[in-house]
Amino acid sequence: MDFFQKIILIWKKINLIQRAMLTAVALTSVIVGALLIHWARRPDMRILYEGLAPAEASKITEKISEKDIRYELRAGGTSIYVPKEKVYQLRLDMAKEGLPVGEQSGYRIFDNEKIGVSPFVQSVNLKRALQEELAKSIQMVDGVSHARVHIVSSEQRLFASESGKTTASVVLRLKPGYRLSGSNIAAITHLVSGSVQGLDVENVTVIDSQGRLLSSKSDTAMASGAGTVQDYRERVEQNLAQKVEDMLTTVLGPDRATVRVSAVIDMNSVSTVTETYDPTSKVVTNEEIKTITEPGQSSAPAGGGPVVAGEPKRDESILTEYEVGKTVKQEVILPGEIKSLSVAAFVDLSPRDANEAGSGSSATIMDANDVEHIIRNALGLRQTDALKVVNVPFHRPAELFIEDTPSNWPRYIAIARHVSLGIMAVCALLVLRIFRGAKKKALSTVEASELPAPEGAIGFLPASGERTSESLVLRKHIANTLQSNPEQVRQLFSSWLEEKESIG
(Lines give C-alpha, C1' and ligand atoms only; values in the text may rest on other atoms or scores of the structure.)
Protein backbone atom coordinates (compact mmCIF):
# COMPACT_ATOMS: atom_id res chain seq x y z
CA MET A 1 0.00 0.00 0.00
CA ASP A 2 1.54 3.30 -1.07
CA PHE A 3 1.61 6.53 0.89
CA PHE A 4 -1.40 8.21 -0.71
CA GLN A 5 -3.59 5.14 -0.24
CA LYS A 6 -2.70 5.10 3.44
CA ILE A 7 -3.62 8.78 3.72
CA ILE A 8 -6.96 8.15 1.98
CA LEU A 9 -7.65 5.20 4.26
CA ILE A 10 -6.82 7.24 7.34
CA TRP A 11 -9.03 10.10 6.09
CA LYS A 12 -11.95 7.67 5.74
CA LYS A 13 -11.50 6.23 9.22
CA ILE A 14 -11.44 9.55 11.15
CA ASN A 15 -14.65 11.32 12.14
CA LEU A 16 -15.94 14.73 11.02
CA ILE A 17 -14.47 16.70 13.94
CA GLN A 18 -11.04 15.23 13.38
CA ARG A 19 -11.28 16.02 9.67
CA ALA A 20 -12.17 19.67 10.41
CA MET A 21 -9.32 19.95 12.92
CA LEU A 22 -6.87 18.40 10.53
CA THR A 23 -7.94 20.75 7.73
CA ALA A 24 -7.65 23.82 10.01
CA VAL A 25 -4.20 22.76 11.16
CA ALA A 26 -3.03 22.24 7.60
CA LEU A 27 -4.35 25.63 6.44
CA THR A 28 -2.86 27.40 9.48
CA SER A 29 0.52 25.78 8.88
CA VAL A 30 0.49 26.80 5.22
CA ILE A 31 -0.51 30.42 5.95
CA VAL A 32 1.94 30.88 8.82
CA GLY A 33 4.73 29.28 6.82
CA ALA A 34 4.05 31.58 3.88
CA LEU A 35 4.06 34.65 6.15
CA LEU A 36 7.31 33.59 7.79
CA ILE A 37 8.95 33.00 4.44
CA HIS A 38 7.77 36.41 3.21
CA TRP A 39 9.03 38.10 6.37
CA ALA A 40 12.38 36.30 6.23
CA ARG A 41 12.88 37.37 2.61
CA ARG A 42 12.32 41.05 3.39
CA PRO A 43 15.63 42.97 3.37
CA ASP A 44 16.91 44.93 6.34
CA MET A 45 16.27 48.53 5.28
CA ARG A 46 18.71 51.22 6.45
CA ILE A 47 18.71 54.95 5.89
CA LEU A 48 20.62 56.23 2.86
CA TYR A 49 19.86 59.97 3.05
CA GLU A 50 17.54 62.05 5.20
CA GLY A 51 16.27 65.62 5.12
CA LEU A 52 16.32 65.76 1.32
CA ALA A 53 14.48 68.26 -0.83
CA PRO A 54 11.81 66.76 -3.13
CA ALA A 55 13.83 67.56 -6.23
CA GLU A 56 16.93 65.82 -4.90
CA ALA A 57 14.94 62.88 -3.60
CA SER A 58 13.42 62.33 -7.04
CA LYS A 59 16.85 62.35 -8.70
CA ILE A 60 18.32 59.91 -6.20
CA THR A 61 15.36 57.49 -6.42
CA GLU A 62 15.61 57.60 -10.19
CA LYS A 63 19.26 56.53 -10.05
CA ILE A 64 18.42 53.77 -7.56
CA SER A 65 15.63 52.49 -9.81
CA GLU A 66 18.05 52.30 -12.74
CA LYS A 67 20.20 49.96 -10.65
CA ASP A 68 17.13 47.77 -9.94
CA ILE A 69 17.50 48.15 -6.15
CA ARG A 70 14.54 48.22 -3.80
CA TYR A 71 14.05 51.44 -1.79
CA GLU A 72 11.51 52.99 0.59
CA LEU A 73 10.51 56.63 1.10
CA ARG A 74 9.73 57.76 4.62
CA ALA A 75 9.26 61.02 6.56
CA GLY A 76 7.10 62.53 3.86
CA GLY A 77 9.50 61.61 1.07
CA THR A 78 12.52 63.32 2.63
CA SER A 79 14.28 60.12 3.78
CA ILE A 80 15.36 57.22 1.58
CA TYR A 81 15.89 53.69 2.93
CA VAL A 82 17.69 50.93 1.03
CA PRO A 83 18.88 47.40 1.91
CA LYS A 84 21.64 47.30 4.49
CA GLU A 85 24.24 45.72 2.19
CA LYS A 86 23.70 48.42 -0.47
CA VAL A 87 24.04 51.57 1.66
CA TYR A 88 27.74 52.32 1.32
CA GLN A 89 28.02 51.35 -2.33
CA LEU A 90 25.02 53.53 -3.21
CA ARG A 91 26.53 56.48 -1.36
CA LEU A 92 29.68 56.14 -3.40
CA ASP A 93 27.69 55.83 -6.61
CA MET A 94 25.58 58.88 -5.76
CA ALA A 95 28.72 60.87 -4.92
CA LYS A 96 30.10 59.94 -8.32
CA GLU A 97 26.95 61.37 -9.89
CA GLY A 98 27.26 64.55 -7.80
CA LEU A 99 24.28 63.76 -5.57
CA PRO A 100 22.99 65.06 -3.28
CA VAL A 101 23.73 68.58 -4.44
CA GLY A 102 22.01 70.36 -1.56
CA GLU A 103 19.63 73.27 -1.61
CA GLN A 104 22.44 75.76 -1.05
CA SER A 105 24.86 75.70 -3.93
CA GLY A 106 26.86 78.73 -2.76
CA TYR A 107 29.60 79.85 -5.10
CA ARG A 108 28.93 76.85 -7.34
CA ILE A 109 26.37 79.07 -9.03
CA PHE A 110 29.23 80.60 -11.01
CA ASP A 111 30.50 77.26 -12.30
CA ASN A 112 28.07 77.20 -15.22
CA GLU A 113 27.72 80.93 -15.79
CA LYS A 114 27.14 81.87 -19.40
CA ILE A 115 29.08 84.45 -21.34
CA GLY A 116 27.46 87.84 -21.75
CA VAL A 117 25.64 87.97 -18.44
CA SER A 118 24.62 91.49 -17.47
CA PRO A 119 26.20 93.18 -14.45
CA PHE A 120 22.82 93.22 -12.70
CA VAL A 121 22.50 89.41 -12.96
CA GLN A 122 26.08 89.01 -11.77
CA SER A 123 25.41 91.17 -8.70
CA VAL A 124 22.25 89.19 -7.91
CA ASN A 125 24.12 85.90 -8.27
CA LEU A 126 26.90 87.20 -6.04
CA LYS A 127 24.37 88.10 -3.35
CA ARG A 128 22.71 84.69 -3.68
CA ALA A 129 26.06 82.93 -3.38
CA LEU A 130 27.00 84.97 -0.31
CA GLN A 131 23.65 84.23 1.36
CA GLU A 132 23.96 80.49 0.77
CA GLU A 133 27.58 80.37 1.94
CA LEU A 134 26.61 82.18 5.14
CA ALA A 135 23.74 79.72 5.64
CA LYS A 136 26.18 76.82 5.29
CA SER A 137 28.45 78.36 7.89
CA ILE A 138 25.60 78.96 10.34
CA GLN A 139 24.42 75.34 9.94
CA MET A 140 27.77 74.23 11.36
CA VAL A 141 26.74 75.67 14.75
CA ASP A 142 25.70 72.90 17.11
CA GLY A 143 21.90 72.73 17.36
CA VAL A 144 21.10 74.38 13.99
CA SER A 145 19.64 72.00 11.41
CA HIS A 146 18.82 74.52 8.68
CA ALA A 147 19.40 78.23 8.09
CA ARG A 148 18.41 80.85 5.55
CA VAL A 149 20.00 84.28 5.17
CA HIS A 150 18.51 87.34 3.46
CA ILE A 151 20.72 90.36 2.77
CA VAL A 152 19.30 93.71 1.66
CA SER A 153 21.88 96.20 0.49
CA SER A 154 21.17 99.76 -0.60
CA GLU A 155 21.64 100.82 -4.17
CA GLN A 156 24.88 102.65 -4.83
CA ARG A 157 24.23 106.08 -6.34
CA LEU A 158 26.85 108.26 -7.91
CA PHE A 159 25.83 111.64 -6.53
CA ALA A 160 24.39 110.48 -3.22
CA SER A 161 26.18 111.90 -0.20
CA GLU A 162 25.17 109.05 2.08
CA SER A 163 24.28 105.49 1.18
CA GLY A 164 21.43 103.57 2.85
CA LYS A 165 21.92 100.98 5.52
CA THR A 166 22.60 97.35 4.77
CA THR A 167 20.42 94.91 6.72
CA ALA A 168 20.26 91.13 7.05
CA SER A 169 17.77 88.59 8.39
CA VAL A 170 18.56 85.04 9.52
CA VAL A 171 15.95 82.28 9.93
CA LEU A 172 17.03 79.24 11.95
CA ARG A 173 15.47 75.82 12.34
CA LEU A 174 16.80 74.21 15.48
CA LYS A 175 17.15 70.52 16.21
CA PRO A 176 14.70 69.02 18.72
CA GLY A 177 15.81 69.61 22.30
CA TYR A 178 18.32 72.38 21.46
CA ARG A 179 18.23 76.02 22.49
CA LEU A 180 20.67 78.74 21.50
CA SER A 181 22.15 80.91 24.21
CA GLY A 182 22.68 84.64 23.98
CA SER A 183 26.36 84.16 23.18
CA ASN A 184 25.50 81.82 20.29
CA ILE A 185 23.05 84.34 18.84
CA ALA A 186 25.58 87.13 19.25
CA ALA A 187 28.18 84.97 17.47
CA ILE A 188 25.80 84.43 14.53
CA THR A 189 25.06 88.16 14.25
CA HIS A 190 28.77 88.98 14.30
CA LEU A 191 29.45 86.29 11.70
CA VAL A 192 26.89 87.77 9.33
CA SER A 193 27.91 91.38 9.93
CA GLY A 194 31.57 90.55 9.49
CA SER A 195 30.94 88.81 6.18
CA VAL A 196 28.94 91.61 4.53
CA GLN A 197 30.52 94.93 3.75
CA GLY A 198 28.80 97.86 5.44
CA LEU A 199 26.59 95.70 7.70
CA ASP A 200 26.46 96.60 11.38
CA VAL A 201 25.69 94.15 14.16
CA GLU A 202 22.53 95.97 15.26
CA ASN A 203 21.10 95.63 11.74
CA VAL A 204 21.08 91.81 11.85
CA THR A 205 17.82 90.12 12.89
CA VAL A 206 17.73 86.46 13.95
CA ILE A 207 14.49 84.48 14.36
CA ASP A 208 13.68 80.79 14.63
CA SER A 209 11.28 78.62 12.63
CA GLN A 210 8.54 79.14 15.24
CA GLY A 211 8.58 82.90 14.72
CA ARG A 212 10.35 83.85 17.94
CA LEU A 213 12.76 86.78 17.89
CA LEU A 214 16.16 85.61 19.07
CA SER A 215 18.28 88.73 18.55
CA SER A 216 17.90 92.10 20.25
CA LYS A 217 20.01 95.06 21.25
CA SER A 218 20.59 93.50 24.66
CA ASP A 219 22.24 90.49 22.98
CA THR A 220 24.76 92.80 21.33
CA ALA A 221 25.46 94.49 24.64
CA MET A 222 25.84 91.14 26.35
CA ALA A 223 28.29 89.98 23.71
CA SER A 224 30.46 93.04 24.28
CA GLY A 225 30.34 92.61 28.07
CA ALA A 226 28.25 95.73 28.79
CA GLY A 227 24.58 96.49 29.22
CA THR A 228 22.00 97.42 31.77
CA VAL A 229 21.50 95.91 35.19
CA GLN A 230 18.65 93.77 33.92
CA ASP A 231 20.80 92.47 31.05
CA TYR A 232 23.55 91.49 33.45
CA ARG A 233 21.10 89.71 35.72
CA GLU A 234 19.54 87.80 32.82
CA ARG A 235 22.95 86.77 31.56
CA VAL A 236 23.95 85.46 34.99
CA GLU A 237 20.71 83.53 35.38
CA GLN A 238 20.91 82.05 31.88
CA ASN A 239 24.52 80.99 32.33
CA LEU A 240 23.79 79.26 35.63
CA ALA A 241 20.67 77.55 34.27
CA GLN A 242 22.46 76.45 31.10
CA LYS A 243 25.31 75.01 33.16
CA VAL A 244 22.92 72.77 35.10
CA GLU A 245 20.87 71.80 32.02
CA ASP A 246 23.98 70.79 30.08
CA MET A 247 25.10 68.61 32.96
CA LEU A 248 21.69 66.92 33.29
CA THR A 249 21.35 66.47 29.53
CA THR A 250 24.55 64.45 29.51
CA VAL A 251 22.91 61.86 31.79
CA LEU A 252 19.19 62.09 31.03
CA GLY A 253 19.31 62.98 27.36
CA PRO A 254 18.05 66.02 25.46
CA ASP A 255 14.77 67.71 26.35
CA ARG A 256 14.47 65.95 29.73
CA ALA A 257 15.45 68.77 32.12
CA THR A 258 14.32 72.39 32.51
CA VAL A 259 16.04 74.67 35.02
CA ARG A 260 15.22 78.26 35.96
CA VAL A 261 17.39 80.42 38.21
CA SER A 262 16.43 83.64 39.96
CA ALA A 263 19.36 85.67 41.28
CA VAL A 264 19.52 88.62 43.68
CA ILE A 265 22.54 90.67 42.62
CA ASP A 266 24.07 93.62 44.46
CA MET A 267 24.81 96.28 41.85
CA ASN A 268 26.07 98.92 44.30
CA SER A 269 29.67 100.06 44.00
CA VAL A 270 31.25 100.72 47.43
CA SER A 271 34.62 102.34 48.15
CA THR A 272 35.79 102.22 51.79
CA VAL A 273 38.82 104.01 53.32
CA THR A 274 39.85 102.91 56.84
CA GLU A 275 42.46 104.69 59.04
CA THR A 276 43.82 102.89 62.08
CA TYR A 277 45.97 104.71 64.71
CA ASP A 278 48.53 102.87 66.84
CA PRO A 279 49.69 104.86 69.91
CA THR A 280 52.49 102.46 70.62
CA SER A 281 54.24 103.24 67.37
CA LYS A 282 55.85 106.66 66.85
CA VAL A 283 57.00 108.15 63.64
CA VAL A 284 59.53 111.05 63.50
CA THR A 285 58.06 113.79 61.41
CA ASN A 286 60.56 116.65 62.12
CA GLU A 287 63.90 116.98 63.83
CA GLU A 288 65.58 120.40 64.50
CA ILE A 289 68.98 121.16 66.12
CA LYS A 290 69.32 124.52 67.94
CA THR A 291 72.70 126.03 68.99
CA ILE A 292 72.93 128.71 71.79
CA THR A 293 76.23 130.74 72.04
CA GLU A 294 77.10 132.47 75.32
CA PRO A 295 80.00 135.09 75.55
CA GLY A 296 83.05 134.00 77.52
CA GLN A 297 84.26 135.75 80.79
CA SER A 298 87.02 138.43 80.42
CA SER A 299 90.05 138.41 82.70
CA ALA A 300 92.90 140.97 83.52
CA PRO A 301 96.50 139.88 83.40
CA ALA A 302 98.47 139.85 86.64
CA GLY A 303 101.03 142.49 85.72
CA GLY A 304 98.38 144.82 84.62
CA GLY A 305 97.40 145.57 81.13
CA PRO A 306 94.28 145.30 78.94
CA VAL A 307 91.48 142.93 79.78
CA VAL A 308 91.39 139.74 77.71
CA ALA A 309 87.94 138.34 76.70
CA GLY A 310 87.30 134.62 77.25
CA GLU A 311 86.08 132.07 74.63
CA PRO A 312 82.30 131.98 74.04
CA LYS A 313 80.30 128.92 75.18
CA ARG A 314 78.02 127.03 72.76
CA ASP A 315 75.02 124.93 73.85
CA GLU A 316 73.25 122.62 71.27
CA SER A 317 69.74 121.24 71.68
CA ILE A 318 67.77 118.83 69.40
CA LEU A 319 64.04 119.39 68.93
CA THR A 320 62.23 116.27 67.61
CA GLU A 321 58.58 116.12 66.58
CA TYR A 322 56.71 112.78 66.67
CA GLU A 323 53.37 111.66 65.14
CA VAL A 324 51.21 108.72 66.17
CA GLY A 325 51.38 105.92 63.58
CA LYS A 326 48.31 105.06 61.53
CA THR A 327 47.32 102.55 58.85
CA VAL A 328 45.16 103.59 55.89
CA LYS A 329 43.18 100.82 54.09
CA GLN A 330 41.13 101.51 50.98
CA GLU A 331 38.66 98.82 49.81
CA VAL A 332 36.59 99.02 46.60
CA ILE A 333 33.68 96.58 46.12
CA LEU A 334 32.64 96.26 42.47
CA PRO A 335 28.99 95.65 41.54
CA GLY A 336 27.77 92.18 40.52
CA GLU A 337 27.97 90.19 43.73
CA ILE A 338 25.34 87.44 43.96
CA LYS A 339 23.50 87.75 47.23
CA SER A 340 21.14 84.78 46.91
CA LEU A 341 19.85 82.25 44.37
CA SER A 342 16.52 80.50 43.91
CA VAL A 343 16.56 77.44 41.65
CA ALA A 344 13.58 75.48 40.33
CA ALA A 345 14.00 72.40 38.12
CA PHE A 346 11.70 69.97 36.33
CA VAL A 347 13.39 66.67 35.42
CA ASP A 348 12.12 63.53 33.72
CA LEU A 349 13.87 60.64 35.44
CA SER A 350 11.77 57.90 33.82
CA PRO A 351 13.72 55.29 31.82
CA ARG A 352 14.27 56.16 28.18
CA ASP A 353 13.17 52.66 27.16
CA ALA A 354 9.80 51.45 28.42
CA ASN A 355 11.19 47.89 28.63
CA GLU A 356 13.65 48.97 31.33
CA ALA A 357 10.84 49.82 33.74
CA GLY A 358 9.37 46.33 33.59
CA SER A 359 12.60 44.37 33.70
CA GLY A 360 12.93 44.52 37.49
CA SER A 361 15.33 47.49 37.52
CA SER A 362 14.69 50.77 39.31
CA ALA A 363 11.71 52.79 38.16
CA THR A 364 13.85 55.91 37.59
CA ILE A 365 17.30 56.59 36.20
CA MET A 366 18.43 58.31 39.40
CA ASP A 367 16.93 59.62 42.63
CA ALA A 368 15.53 63.15 42.83
CA ASN A 369 17.54 63.80 46.02
CA ASP A 370 20.73 63.06 44.12
CA VAL A 371 19.70 65.61 41.50
CA GLU A 372 19.21 68.22 44.24
CA HIS A 373 22.67 67.55 45.69
CA ILE A 374 24.24 67.74 42.24
CA ILE A 375 22.58 71.08 41.44
CA ARG A 376 23.48 72.49 44.85
CA ASN A 377 27.14 71.55 44.44
CA ALA A 378 27.33 72.69 40.80
CA LEU A 379 25.99 76.17 41.56
CA GLY A 380 27.64 76.51 44.97
CA LEU A 381 24.34 77.16 46.73
CA ARG A 382 24.32 78.13 50.35
CA GLN A 383 21.98 76.67 52.92
CA THR A 384 19.85 79.81 52.79
CA ASP A 385 19.36 79.52 49.01
CA ALA A 386 16.14 77.93 47.78
CA LEU A 387 16.18 74.79 45.60
CA LYS A 388 13.26 72.67 44.40
CA VAL A 389 13.49 69.67 42.06
CA VAL A 390 10.35 67.94 40.75
CA ASN A 391 10.41 64.61 38.90
CA VAL A 392 7.58 64.57 36.36
CA PRO A 393 7.15 62.96 32.90
CA PHE A 394 7.59 65.59 30.19
CA HIS A 395 4.92 66.29 27.59
CA ARG A 396 6.27 65.47 24.16
CA PRO A 397 4.29 66.85 21.22
CA ALA A 398 3.36 64.63 18.31
CA GLU A 399 5.88 64.36 15.52
CA LEU A 400 5.30 66.11 12.22
CA PHE A 401 5.29 62.88 10.25
CA ILE A 402 3.80 59.61 11.37
CA GLU A 403 6.65 57.74 9.75
CA ASP A 404 9.11 59.39 12.11
CA THR A 405 7.64 57.58 15.13
CA PRO A 406 9.39 54.30 15.86
CA SER A 407 7.37 51.37 14.58
CA ASN A 408 6.51 48.40 16.80
CA TRP A 409 6.07 46.08 13.84
CA PRO A 410 9.49 44.39 14.21
CA ARG A 411 8.66 43.47 17.81
CA TYR A 412 5.19 42.27 16.86
CA ILE A 413 6.57 40.22 13.99
CA ALA A 414 9.13 38.62 16.32
CA ILE A 415 6.39 37.75 18.82
CA ALA A 416 4.18 36.38 16.06
CA ARG A 417 7.06 34.29 14.77
CA HIS A 418 7.64 32.64 18.15
CA VAL A 419 3.91 32.14 18.73
CA SER A 420 3.44 30.67 15.27
CA LEU A 421 6.30 28.26 15.83
CA GLY A 422 4.69 27.14 19.07
CA ILE A 423 1.30 26.73 17.40
CA MET A 424 2.87 24.75 14.57
CA ALA A 425 4.59 22.48 17.07
CA VAL A 426 1.31 21.83 18.94
CA CYS A 427 -0.54 21.26 15.68
CA ALA A 428 2.14 18.86 14.53
CA LEU A 429 1.76 16.85 17.74
CA LEU A 430 -2.02 16.74 17.31
CA VAL A 431 -1.74 15.66 13.69
CA LEU A 432 0.81 13.01 14.63
CA ARG A 433 -1.48 11.66 17.33
CA ILE A 434 -4.48 11.60 15.01
CA PHE A 435 -2.51 9.86 12.30
CA ARG A 436 -1.12 7.27 14.71
CA GLY A 437 -4.57 6.41 16.07
CA ALA A 438 -6.16 6.25 12.66
CA LYS A 439 -3.24 4.29 11.26
CA LYS A 440 -3.47 1.63 13.99
CA LYS A 441 -7.19 1.32 13.45
CA ALA A 442 -6.82 1.03 9.69
CA LEU A 443 -3.98 -1.50 9.92
CA SER A 444 -5.94 -3.69 12.32
CA THR A 445 -8.90 -3.73 9.96
CA VAL A 446 -6.77 -4.47 6.91
CA GLU A 447 -4.85 -7.27 8.61
CA ALA A 448 -8.03 -8.85 9.91
CA SER A 449 -9.66 -8.74 6.51
CA GLU A 450 -6.63 -10.12 4.66
CA LEU A 451 -5.76 -12.80 7.24
CA PRO A 452 -6.78 -16.33 6.06
CA ALA A 453 -8.92 -18.39 8.36
CA PRO A 454 -6.71 -20.87 10.22
CA GLU A 455 -7.33 -24.57 10.03
CA GLY A 456 -9.48 -25.91 12.83
CA ALA A 457 -11.11 -22.54 13.46
CA ILE A 458 -14.85 -22.33 13.47
CA GLY A 459 -16.19 -18.99 12.43
CA PHE A 460 -14.16 -16.36 14.22
CA LEU A 461 -12.75 -18.60 16.94
CA PRO A 462 -9.08 -19.52 16.68
CA ALA A 463 -7.74 -23.04 16.72
CA SER A 464 -6.04 -24.42 19.76
CA GLY A 465 -2.52 -24.21 18.28
CA GLU A 466 -2.79 -20.68 16.88
CA ARG A 467 -0.18 -18.04 17.62
CA THR A 468 -0.84 -15.34 20.14
CA SER A 469 -0.65 -12.42 17.65
CA GLU A 470 -3.26 -13.97 15.41
CA SER A 471 -5.49 -14.56 18.42
CA LEU A 472 -5.24 -10.88 19.40
CA VAL A 473 -6.11 -9.77 15.87
CA LEU A 474 -9.16 -12.05 15.77
CA ARG A 475 -10.31 -10.88 19.17
CA LYS A 476 -10.11 -7.25 18.04
CA HIS A 477 -12.03 -8.19 14.90
CA ILE A 478 -14.72 -9.92 16.98
CA ALA A 479 -15.00 -6.89 19.25
CA ASN A 480 -15.45 -4.59 16.25
CA THR A 481 -18.00 -6.94 14.76
CA LEU A 482 -19.93 -7.04 18.04
CA GLN A 483 -20.17 -3.27 17.94
CA SER A 484 -21.11 -3.01 14.29
CA ASN A 485 -23.31 -6.10 13.73
CA PRO A 486 -24.24 -7.93 16.95
CA GLU A 487 -27.02 -9.98 15.22
CA GLN A 488 -24.54 -11.70 12.93
CA VAL A 489 -22.30 -12.57 15.86
CA ARG A 490 -25.27 -14.06 17.74
CA GLN A 491 -26.11 -16.27 14.76
CA LEU A 492 -22.51 -17.42 14.45
CA PHE A 493 -22.32 -18.35 18.13
CA SER A 494 -25.65 -20.22 17.87
CA SER A 495 -24.42 -22.23 14.90
CA TRP A 496 -21.17 -23.02 16.76
CA LEU A 497 -23.09 -24.32 19.77
CA GLU A 498 -25.31 -26.50 17.57
CA GLU A 499 -22.25 -28.04 15.92
CA LYS A 500 -20.73 -28.77 19.34
CA GLU A 501 -23.90 -30.52 20.51
CA SER A 502 -24.14 -32.65 17.38
CA ILE A 503 -20.52 -33.73 17.74
CA GLY A 504 -20.97 -34.55 21.39
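Before moving on, here are some points about what is shown:
- Charge tally for Gln210 (other residues, Cβ to Cβ under 14 Å; Lys, Arg +1; Asp, Glu -1): +3.
- Largest accessible area first, the residues Trp39, Trp11 order themselves as Trp11, Trp39 under a 1.4 Å probe with ligands, DNA and RNA left out.
- Area accessible to solvent at Ser484, 1.4 Å probe radius, in Å²: 90
- Local charge for Tyr88 was computed over the other residues whose Cβ lies under 15 Å away, with Lys and Arg +1 and Asp and Glu -1, and equals +3.
- Spacing of the modelled spin labels on Lys136 and Leu213, each 7 Å from Cα toward Cβ, amounts to 3.3 nm.
- Annotation: extensible slack from Thr61 through Tyr322 equals 83.9 nm (criterion: 0.36 nm per residue apart, minus Cα-Cα distance).
- Cross-link check: pairs Lys127/Lys165; Lys13/Lys476; Lys127/Lys175; Lys59/Lys96; Lys59/Lys86 evaluated at a Cα-Cα cut-off of 25 Å; pairs beyond the cut-off: Lys127/Lys175.
- Label-point separation in nm, Lys243 to Glu50, each point 7 Å along Cα→Cβ: 3.4
- Area accessible to solvent at Thr291, 1.4 Å probe radius, in Å²: 80
The values are calculated or read from the model by the stated rules, or taken from the named source; none is laboratory data. All values reported here derive from a predicted model rather than from experimental measurement. No Cβ is skipped: glycine too gets one built from the backbone with ideal geometry, and neighbour counts run over all protein chains shown. Just so you know, the surface numbers come from the protein's heavy atoms only, side chains and all, with ligands and any DNA or RNA stripped out. Shrake-Rupley method; radii C 1.70, N 1.55, O 1.52, S 1.80 Å.
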